[in-house]
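Colleague: Got a structure for you, questions after.
The values are calculated or read from the model by the stated rules, or taken from the named source; none is laboratory data. Please read all numbers here as calculations on a predicted model, not as lab measurements. No Cβ is skipped: glycine too gets one built from the backbone with ideal geometry, and neighbour counts run over all protein chains shown. Note: accessible area is taken over every heavy atom of the protein model, side chains too, but ligands, DNA and RNA are not part of it. Shrake-Rupley method; radii C 1.70, N 1.55, O 1.52, S 1.80 Å.
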Amino acid sequence: MQYYYLAGRVLGRALYDGCVIKPHFVRPLYMHLLGWPIRLSDLQYVDYELWKGLTHLMGGADIIEEVDHDFTICDLRWVQSIQNFRFALRGIREGEEVTLPLKDGGEHEEVTIDKVQEFIVLYLKYRMLDCVRTQLTYLLAGFFEVVPRELISVFDFQELELVMCGMPIINVDDWMDNTEYTGAFEED
């Protein structure tokens, strides 16, 4: 967890000193830095297939009846960090699938059309917050040790990304070669 704390401090120091960093992070990380709520649409930047599956699940009763699912998820655990040490104590080996309830008694409660919204909210909460809570806590602690929250509260997530990572490099020649103009500017 010390590496996440260090990474947060490095990010904060780069932002504070006006240094542009090369890697662009996923949108939800900027939203976590700003303290903004995470929505289902933000999941597509982390796990596109899961986002498609969950949005498809919202499609209606016929899909819910086909799924036959309870309030649990299967998670592949890599017992390497201190956070996952509790799984090692329970005898779960590295790379083993673990079934985790999304709420108390979730293994005994079936997802129905009335409860699909609750399932999606709980799944999103697990995927975007709960499973990375410790790492995110250390990253944010390191970041906010260097940069006060008030200084970044004026930005939205897109502006924060621009301040931290700079403008993306656009190859204008490639853009022109792969663009088809129509209408009033076609001759130009």
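Colleague: For segment 128-156, what are the residues that are closer than 17 Å to Met1 by Cβ and among the hydrophobic types (A, V, I, L, M, F, W, C)? Steps first, please.
Modeller: First pass over segment 128-156, keeping only residues closer than 17 Å to Met1 by Cβ: 129-145.
Correct list: Leu129, Cys131, Val132, Leu136, Leu139, Leu140, Ala141, Phe143, Phe144.
Colleague: Can you name every residue in segment 80-123 that is part of a strand (DSSP E or B), modelled with pLDDT under 80 and open to solvent by less than 70 Å² (accessible area, probe 1.4 Å)?
Modeller: Glu96, Val98
Colleague: Which residues, taken from segment 107-137, are over 27 Å from Trp36 (Cβ atoms) and touching a residue at least 12 places away in the same chain (Cβ under 8 Å)? Walk me through how you get there before you give the answer.
Modeller: Kept after step one, since they are over 27 Å from Trp36 (Cβ atoms), are these residues of segment 107-137: 107-114.
If the condition is that a residue be over 27 Å from Trp36 (Cβ atoms) and touching a residue at least 12 places away in the same chain (Cβ under 8 Å), then Glu107, His108, Glu109, Glu110, Val111, Thr112, Ile113 are the ones that fit.
Colleague: Name, by its number, the condition in (1) in a strand (DSSP E or B); (2) of a type in the set (A, V, I, L, M); (3) at pLDDT below 80; (4) open to solvent by less than 30 Å² (accessible area, probe 1.4 Å) that does not hold for Leu76.
Modeller: (4)
Colleague: Kindly check whether there is at least one residue in segment 174-187 that is modelled with pLDDT of 75 or more, within 30 Å of Gly53 (Cβ to Cβ) and of a type outside the set (Ser, Thr, Tyr).
Modeller: No, segment 174-187 contains no residue that is modelled with pLDDT of 75 or more, within 30 Å of Gly53 (Cβ to Cβ) and of a type outside the set (Ser, Thr, Tyr).
Colleague: Here's something else I'd like to know. I need the full set of residues from segment 158-169 which are open to solvent by 30 Å² or more (accessible area, probe 1.4 Å) and either touching a residue at least 12 places away in the same chain (Cβ under 8 Å) or of a type outside the set (Asp, Glu) (or both), in order please.
Modeller: We begin by selecting, within segment 158-169, every residue open to solvent by 30 Å² or more (accessible area, probe 1.4 Å); these are 158-159, 161-163, 167-169.
Hits for segment 158-169 are Gln158, Glu161, Leu162, Val163, Met167, Pro168, Ile169.
Colleague: If we scan segment 132-149, do we find a residue that is in a helix (DSSP H, G or I), open to solvent by 80 Å² or more (accessible area, probe 1.4 Å), among the aliphatic types (A, V, I, L, M) and more than 19 Å from Val26 (Cα to Cα)?
Modeller: No: zero hits.
Colleague: Scan segment 150-188 for residues that are touching a Pro at 6+ places or on another chain (Cβ under 9 Å) and either hydroxyl-bearing (Ser, Thr, Tyr) or not in a helix (DSSP H, G or I) (or both) and report the count.
Modeller: 0
Colleague: Next up: Against the condition touching a strand residue (DSSP E or B) at 6+ places or on another chain (Cβ under 9 Å) and of a type outside the set (A, V, I, L, M), how does Tyr126 come out, does it pass?
Modeller: Values: touching a strand residue (DSSP E or B) at 6+ places or on another chain (Cβ under 9 Å): yes; of a type outside the set (A, V, I, L, M): yes.
Here the answer is yes, as Tyr126 does meet what is asked.
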